[in-house]
Amino acid sequence: MKVEERLRQAITLNGAAHLTLIDPEKQPPDQAGEIASDAAAAGTDGIMVGGSTRASGKLLDDTVISIKRATKLPVILFPANDAGISRYADAIFFMSMLNSRDIYYLIGAQRLGAAIVKKFGIEPLPMGYLVVEPGGTVGRVGKADLIPRDNVELAVSYALAAQYFGMRLVYLEAGSGADRPVPVEMVKAVREATSVILIVGGGIRTAEAAAERVKAGADIIVTGTVVEQANDRRKKIEEIVQAVKTARRNR
Ligand code: 1GP
């Protein structure tokens, strides 16, 4: 089954899905496998690999291989640039940072990566990537014109544009480790205006924060930092996954 179909099934079944982000730069590959194994046991729906500006080459490949050995979950690349592609992954967020000022992040990296994705037979998941304040490293590196937290209309306009381009996913990103996740009102407005698979990530550390965003209409919640920092990793992921899968959207 295709990864997109698996994600859609998980969303239909539980109201929302959860993805765990693993950055290959932050631990050796065998440890990445252990994190993925814990995340799988905790009920996460897939593993995203990437997020660092440098994740590429052998370290990226070895990390993906280790995760694939440790779990049956789909592995989705979350590339920071055209080097973030591994032949061992199942799918790739084929993403454009729509609010970047730099053509490289809009279409340059994608032009360089497209033929490699085709050659390796990786499933591309077309995604509009929107960086919201505070934005963190990804906002800086990606030269994003950050979407102000109170400018809900701007987020809606970008998300609609993504949908009209044919992108089936939109990711509202506050930046890894952000002190505040994407505002609930923004999630709600984008949900109401579009029919894309809506992904929300950046700074989500608690079950409550995850549940609020699912209730507002997020289809997928992404957590990364909280997994790295938790004392009891599996318990922490379990709490968040449970919250995601029981929150159900307010309609
Ligand atoms: C970053 O949205 C993801 O790209 C996850 O963010 O590390 O803050 O969970 P955190």
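The values are calculated or read from the model by the stated rules, or taken from the named source; none is laboratory data. Everything numeric in this text was worked out from a predicted model, so none of it was measured. Every residue, glycine as well, gets a Cβ built from its backbone with ideal geometry; the counts of neighbours run over all protein chains shown.
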Requested in this report: Tell me which residues, restricted to the stretch 97-122, are closer than 16 Å to Gly84 by Cα and within 15 Å of the ligand (Cβ to nearest atom).
Outcome: Met97, Tyr105
Report task. With respect to Leu125, determine if the residue is away from the ligand (no atom under 13 Å from the Cβ), of a type outside the set (Ser, Thr, Tyr) and closer than 24 Å to Ala55 by Cα. Result -> yes
Report summary line: Considering residues that are out of contact with any helix residue (DSSP H, G or I) (no Cβ under 6 Å at 6 or more places or on another chain) and not small (Gly, Ala, Ser), the number found within the stretch 144-159 is 8
Query raised in the report: Does any residue of the stretch 62-81 turn out to be in a loop (DSSP other than H, G, I, E, B) and hydroxyl-bearing (Ser, Thr, Tyr)?
Result: yes
Report summary line: Of the listed residues (Ile67, Ile85, Ile92), the one being surrounded by 20 or more Cβ atoms within 10 Å (Cβ to Cβ) and either over 24 Å from Arg111 (Cβ atoms) or not β-branched (Val, Ile, Thr) (or both) is Ile67
Report task. Return yes when Ile47 is among the β-branched types (Val, Ile, Thr), crowded, with 17+ Cβ neighbours inside 10 Å, part of a helix (DSSP H, G or I) and within 15 Å of the ligand (Cβ to nearest atom) and no when it is not. Result -> no
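Tally time: how many residues in the stretch 226-251 are under 20 Å from Met48 (Cβ atoms), surrounded by fewer than 20 Cβ atoms within 10 Å (Cβ to Cβ) and of a type outside the set (Asp, Glu)?
Within the stretch 226-251, residues that are under 20 Å from Met48 (Cβ atoms), surrounded by fewer than 20 Cβ atoms within 10 Å (Cβ to Cβ) and of a type outside the set (Asp, Glu) number 5.
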Query raised in the report: Restricting the search to the stretch 219-245, which residues are free of Cβ contacts under 8 Å to residues at least 60 places away in the same chain and either part of a strand (DSSP E or B) or among the polar types (S, T, N, Q) (or both)?
Result: Thr225, Gln229, Asn231
Query raised in the report: In the stretch 207-224, what residues are within 11 Å of the ligand (Cβ to nearest atom) and touching a helix residue (DSSP H, G or I) at 6+ places or on another chain (Cβ under 8 Å)?
Result: Ala210, Ile220, Ile221, Thr223
Requested in this report: Only residues in the stretch 127-153 that are aliphatic (A, V, I, L, M) count as the first member; pair them with residues that are modelled with pLDDT under 95 and within 10 Å of the ligand (Cβ to nearest atom), Cβ under 9 angstrom, at least 6 apart or cross-chain, and list the lot.
Outcome: Val138/Gly51; Val138/Ala80; Val141/Ala80
Query raised in the report: Does any residue in the stretch 171-195 that is in contact (Cβ under 8 Å) with a residue 40 or more places away in the chain come within less than 7 Å, Cβ to Cβ, of a residue that is away from the ligand (no atom under 14 Å from the Cβ) and β-branched (Val, Ile, Thr) six or more places away or on a different chain, and which pairs are these?
Result: Leu172/Val190; Met186/Val152
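When the stretch 177-196 is examined, which residues are found to be under 16 Å from Ala17 (Cβ atoms) and within 15 Å of the ligand (Cβ to nearest atom)?
Of everything in the stretch 177-196, just one residue is under 16 Å from Ala17 (Cβ atoms) and within 15 Å of the ligand (Cβ to nearest atom), namely Val187.
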Report task. With a cut-off of at least 2 residues that are of a type in the set (Ser, Thr, Tyr), name the helices (runs of 4 or more DSSP H) lying wholly within the stretch 127-218. Result -> 152-165
